[in-house]
1. Using unit Cβ charges (K, R positive; D, E negative) and no other charged atoms, how large, in debye to the nearest 20, is the dipole of the chain about its Cα centre?
2. Which whole-angstrom value gives the distance between the alpha carbon centres of region 94-161 and region 1-61?
3. What ranking do 88-99, 30-41 get when scored by the average of other Cβ atoms within 10 Å per residue, highest first?
4. Counting only C-alpha contacts under 8 Å and six or more residues apart, can you give the relative contact order of the chain as a whole percent?
5. Could you grab the relative contact order for region 1-60? Cα pairs under 8 Å, six or more apart, rounded to a whole percent.
6. What number comes out for the charge environment of residue 9, summing +1 per Lys or Arg and -1 per Asp or Glu over other residues with Cβ under 13 Å away?
7. Show that you can apply the helix-only estimate: for the chain, add -39,500 (n - 2.57) for every DSSP H stretch of four or more residues, divide by all residues, and state [θ] at 222 nm to the nearest 500.
8. Restricting to bridges with both residues inside the chain, how much of the DSSP beta-bridge set is antiparallel, in percent to the nearest 5?
Amino acid sequence: MSRLDIFIDRMVSQRACLDYAIAETAHMGGPVYELGLGNGRTFHHLREKIRGREIFVFERAIASHPDSTPDEDHAILGEITETLPARLADAGPVASLIHADLGGHNAAKNVAFAKTMSPLIAPHLAPGGLVISSDRMFFEDLEEMPLPSGAVQGRCFIYRR
Ligand SMILES: C[S@@+](CC[C@H](N)C(=O)[O-])C[C@H]1O[C@@H](n2cnc3c(N)ncnc32)[C@H](O)[C@@H]1O
């Protein structure tokens, strides 16, 4: 497979998984957490599709497209290994949907970071909530779910509490 093939599979899978998760959690009122804003494409998608739920973005520093930038009250800036535990202390386990897209180009580093992040992400999820991630996560108490149609195995992962 070419890098272009892999990139396209990842994007198609991300959209399929996000759309599935948005619909599955639509009855829940808790906030949505976007972990990794980047260019803001997936944040923009969430904002276009989600009604009645706040979306909080966790990112080291804003570098997104102007149309895809959260307002100050919904941007939690800084090192995520610090901001995520701080948010848990303030808000508790309230998230209905968490989208984790924190990886870069180094596969080994992505695996190591997913191991670090898994115990920091899981406690945020309300019962029935879903995590969508671009990397396989290492959750002890969340169940891995089958992918929706349109998603490619290994390019996106879904977990439920
Ligand atoms: C792959 S990009 C996200 C792309 C985004 N989903 C989109 O559609 O444009 C990953 C983002 O995670 C952020 N990130 C990675 N590690 C982080 C950390 N330890 N703390 C805060 N942000 C981090 C990076 O700054 C980067 O913007």
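All of the numbers you see were taken from the coordinates with simple rules; none came from a lab. In this text the structure is predicted, and so the values were computed from the model without any measurement. Positions of Cβ are backbone-derived with ideal geometry, glycine not excepted, and every protein chain shown enters the neighbour counts.
1. On the way: 16 positive and 21 negative charges, 82 e Å.
Here the chain has a charge dipole of around 400 debye.
2. 12 Å
3. Values: 88-99: 17.7, 30-41: 20.5.
Averaged packing, sorted descending, gives the order 30-41, 88-99.
4. 27 percent
5. Working: 40 pairs, mean separation 21.4, N = 60.
So the answer I get is 36 percent.
6. On the way: positive: 3, 10, 15, 155; negative: 5.
That sum, taken over residues with Cβ under 13 Å, equals +3.
7. -11500 deg cm²/dmol, from helical runs alone.
8. The antiparallel proportion sits near 30 percent.
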